[in-house]
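All remarks here apply to the structure that follows.
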Amino acid sequence: MTNVMTLGEVATYINGRAFKPSEWEETGLPIIRIQNLTESNKKYNYSSKTFDEKFRIKNDDLLFAWSASLGAFIWKGGDAWLNQHIFKVEPKPFIQKRYLYYFLLYVIADLYAKTHGSGMVHITKGPFMSTPIQVPSRPEQKRIVEKIDELFSDLDAAEAELLISQKKLDIYRTSLLTLASEGFPLTEKNSTLSSWKRVKIENILSDSDKGMTTGPFGTMLPKKDHRKVGIPVLGIENIGNGIFVDGNKIFIDIEKSRELKSFQVAPDDIIISRSGTVGKLCVVPSYVGEAYLSTNLIRIKLNKKKIIPQFFVYFFLSKGIVWEQIKELCKGSTRPFLNQTILKSIDFPLPSLDDQRRILNIIESKFSICDVLQKQIAESIIKSKALRQGILKQAFEGGLV
């Protein structure tokens with residue numbers, strides 16, 4: 001017999017504590033925030049103090065994030081404190097924890113439809129608690145959970161193989177760039193590193209314009225001048241793994257842009273991050289119209305008679321000669337910071353333009369194959385996630401035999 005109940009009837013929901021930044025420490029029990037559940041590499045904050053035991057989390061506790069990014073999680077990180085915007089879910093005796101966990105995963109899409117807010121979305125307690133749930137007998141719950149576990153285990157194994165393949169492709173890309181920076185013996189003329197002339201970056205900058213410029217906006221563009229539409233200001237968010245990423249957070253109006261013409265970027269300029277994730281870089285593509293430089297970036301204009309901009313990017317990404325010098329020159333700084341002086345002083349072996357073109361052709365032909373494989377892997381992962389939802393749909397609509 002199956003009873004139709006509500007989420008509010010099948011469990012007790014304890015919201016986490018509102019920890020203040022002033023309470024964060026470097027030691028003690030970790031404080032679970034939503035980003036710690038959704039992103040495995042996110043740093044934890046800690047507290048050595050003692051709080052109400054209702055906020056303490058232990059292994060195998062069921063958690064539900066109800067703000068920003070909705071999601072259900074089985075905690076496996078040992079004792080911890082629970083931050084606000086996350087429920088500790090304590091199922092009633094008549095419902096299995098994993099049955100409720102899988103049901104919460106199943107209704108995530110429906111719960112998103114009930115959220116409020118345009119930025120940090122959240123679901124209010126009323127709509128959440130009133131969500132209906134079918135509660136069969138405990139033996140039937142056990143059967144359903146075991147079947148889902150079995151099917152999900154197969155998908156877990158398949159996704160693990162896909163992720164391994166992704167990592168292998170990333171390693172291959174890096175090794176390819178390392179070969180390029182070391183002379184690439186695969187070139188037609190069998191060019192070697194010893195035949196390349198060593199140059200400083202300051203000697204390959206454009207002669208026709210100021211070759212290197214740091215964005216001015218820290219002092220020249222206060223927040224009152226930021227616009228939601230208008231002429232874009234490029235930032236770190238526009239730099240992917242050596243490629244330009246569309247989308248901007250800050251814009252300026254035409255009047256302000258006239259004051260800042262010397263900081264306008266042009267196609268084939270290199271933009272490179274100087275703080276935060278230091279050394280991310282890409283070439284500004286030709287389709288980018290009028291745009292300006294943010295304070296977190298350095299713009300580099302190269303002399304194209306000496307070096308091809310995309311070759312410069314690949315050389316940087318190889319994590320070889322250039323990066324070793326950057327790490328050495330930035331040593332001792334509590335927060336890595338790249339400036340024009342450091343960049344200009346870096347030297348590296350520079351092949352002829354013909355060798356640069358041959359190397360670029362090899363890299364890009366092999367990268368294009370990697371791109372196809374990466375796309376196929378990404379599509380397979382998406383299909384796997386869709387299969388999971390299909391399994392949950394069958395399980396909670398009576399079709400999982």
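The values are calculated or read from the model by the stated rules, or taken from the named source; none is laboratory data. Predicted model only: the values in this text are computed from it and were never measured. A quick note on method: Cβ atoms are made from the backbone with ideal geometry, for glycine too, and the neighbour counts reach across all protein chains shown. Just so you know, the surface numbers come from the protein's heavy atoms only, side chains and all, with ligands and any DNA or RNA stripped out. Shrake-Rupley method; radii C 1.70, N 1.55, O 1.52, S 1.80 Å.
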Sequence-separation-based contact order of region 44-109, relative, with Cα cut under 8 Å and 6+ spacing, percent: 31 percent
Calculated [θ] (222 nm, deg cm²/dmol) that DSSP helices of n ≥ 4 give over the chain, each run adding -39,500 (n - 2.57): -12000 deg cm²/dmol
Contour minus Cα-Cα distance for ASN241 and LYS58 (0.36 nm per residue): 62.1 nm
Two-decimal Rg to Rh for region 276-401 - Kirkwood Rh, Cα set: 1.18
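As a test of reading the structure, rank TYR287, TYR112 by solvent-accessible area (1.4 Å probe, protein chains only), most first.
TYR287, TYR112
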Rounded percent of accessible protein surface that carbon and sulfur make up, region 60-125, 1.4 Å probe: 54 percent
Sparse-neighbourhood loop sites, chymotrypsin sites (Phe, Trp or Tyr not before Pro) in region 45-87 - DSSP loop, at most 16 other Cβ within 10 angstrom: PHE51
Potential extension, ASP347-GLU259 segment - 0.36 nm per residue separation minus Cα distance: 28.3 nm
Intensity falloff of the chain expressed as log10 I(q)/I(0), Debye formula with alpha-carbon point scatterers, at q = 0.11 Å⁻¹: -1.01
GluC sites (Glu not before Pro) lying in DSSP loop within region 1-88, provided at most 14 other Cβ fall within 10 Å: GLU26, GLU39
Relative contact order [Cα under 8 Å, 6+ residues apart], the chain, whole percent: 16 percent
Cα gyration tensor, region 63-177 - rounded (a/c under 1.5), prolate or oblate: oblate
Solvent-accessible heavy-atom area per residue, rounded to whole Å², over the chain at 1.4 Å: 52 Å²
Top of SER40, SER273, SER206 by mean-square fluctuation, Gaussian network on the chain, Cα under 10 Å: SER40
Global geometry of region 77-137, whether rounded, prolate or oblate, following the gyration tensor of its Cα atoms and the 1.5 cut on a/c: oblate
